[in-house]
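**Q** Could you have a look at this structure, given as structure tokens, before my questions?
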Amino acid sequence: MLKALRRAADRRRQAHGDYGWLFSPYTGDEMVAIDCETTGLDTRHAELVSLAAVRIRGDRVLTSDSLDLRLARPASLSGDSIRIHGLRGIDLVDGAGVKEALEQFLDFVGNRPLVGWCLDFDLAMLNRYLRPLFGFDLPNAGIDVAQTYQRQLRRSHPELDVRPRFEQVAERLGVPVMGRHTALGDAVTTALIHLRLARGPMLAERLC
């Protein structure tokens, strides 16, 4: 309820602004898979390191129509996070500023529905920057692929209580993992998992 009220307030405030069009209903046939790499898992304090998005049209992942951004080195970059995403300070020397990166991201994504693995994490990270810089949270509809997998698994095997793991789900569904822990690689893999799951009940025998 609070989320809906905030979105309505954002829509009113942005009605005549540069990004008012983001709040219009999407009528096309595309979605966008997104992924963020960060300096940690606490969305209150972690900082963005890289950000990627790739469009999905019908049953195709448009890898040639993608966005892959590295940001300027954040203050909280540490050895622990570097070991996960592989991006060192030297790799981020020419990285974009956060505002510039988010402008590119908003222009690329538009008002298309978003697809993500544990999407709430990515949205929390992005919205923490978007609200102070642009005055709104992302209004896009969203599909959390991890939750989709869990729902399908429960329908076919209600006795199981499994927390899905990215690589494990990809392997079970026969989806290649494209550059794990790179923002673009994870976005593409997430898009492929989404398309595989969209085929529905026929996957029951492969989900566990």
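The values are calculated or read from the model by the stated rules, or taken from the named source; none is laboratory data. Please read these numbers as outputs of a predicted model, since none were measured by experiment. Using ideal geometry, Cβ is built from the backbone for each residue, glycine included, and neighbour counts are taken over all protein chains shown. Only protein heavy atoms, including side chains, enter the accessible area calculation; ligands, DNA and RNA are left aside. Shrake-Rupley method; radii C 1.70, N 1.55, O 1.52, S 1.80 Å.
**Q** Got a sec? Which of Val115, Val175 is touching a His at 6+ places or on another chain (Cβ under 9 Å) and under 21 Å from Gly58 (Cβ atoms)? Explain how you work it out, then say what you get.
**A** Details: Val175 fails: touching a His at 6+ places or on another chain (Cβ under 9 Å).
Criteria check complete, one pass: Val115.
**Q** Please list, ordered by first then second residue, the pairs with beta carbon atoms under 8 Å, 6 or more apart or interchain, first in the stretch 112-131 and among the basic types (Lys, Arg), second in a loop (DSSP other than H, G, I, E, B).
**A** Correct list of pairs: Arg112/Tyr26; Arg112/Gly28; Arg112/Asn140; Arg128/Thr43; Arg128/Arg44; Arg131/Asp137.
**Q** I'd like to verify a number: residues in the stretch 1-55 that are farther than 24 Å from Ala187 by Cβ and among the aliphatic types (A, V, I, L, M), how many?
**A** Adding up the residues that qualify gives 7.
**Q** Which residue out of Ala15, Ala96 is aliphatic (A, V, I, L, M) and touching a residue at least 24 places away in the same chain (Cβ under 8 Å)?
**A** When all the criteria are applied, what remains is Ala96.
**Q** Taking the stretch 107-131 only, how many residues are farther than 15 Å from Arg7 by Cα, open to solvent by 20 Å² or more (accessible area, probe 1.4 Å) and part of a helix (DSSP H, G or I)?
**A** Adding up the residues that qualify gives 5.
**Q** Taking the conditions exactly as written (under 19 Å from the mean Cα position of the chain (by Cα) and open to solvent by 40 Å² or more (accessible area, probe 1.4 Å)), does Pro158 satisfy them or not?
**A** Against the criterion (under 19 Å from the mean Cα position of the chain (by Cα) and open to solvent by 40 Å² or more (accessible area, probe 1.4 Å)), Pro158 does not qualify.
**Q** Follow-up question, since we're still on this one. Out of everything in the stretch 151-208 that is basic (Lys, Arg) and part of a loop (DSSP other than H, G, I, E, B), what residue ends up being modelled with the lowest pLDDT?
**A** Looking at the filtered set, the residue picked out is Arg163.
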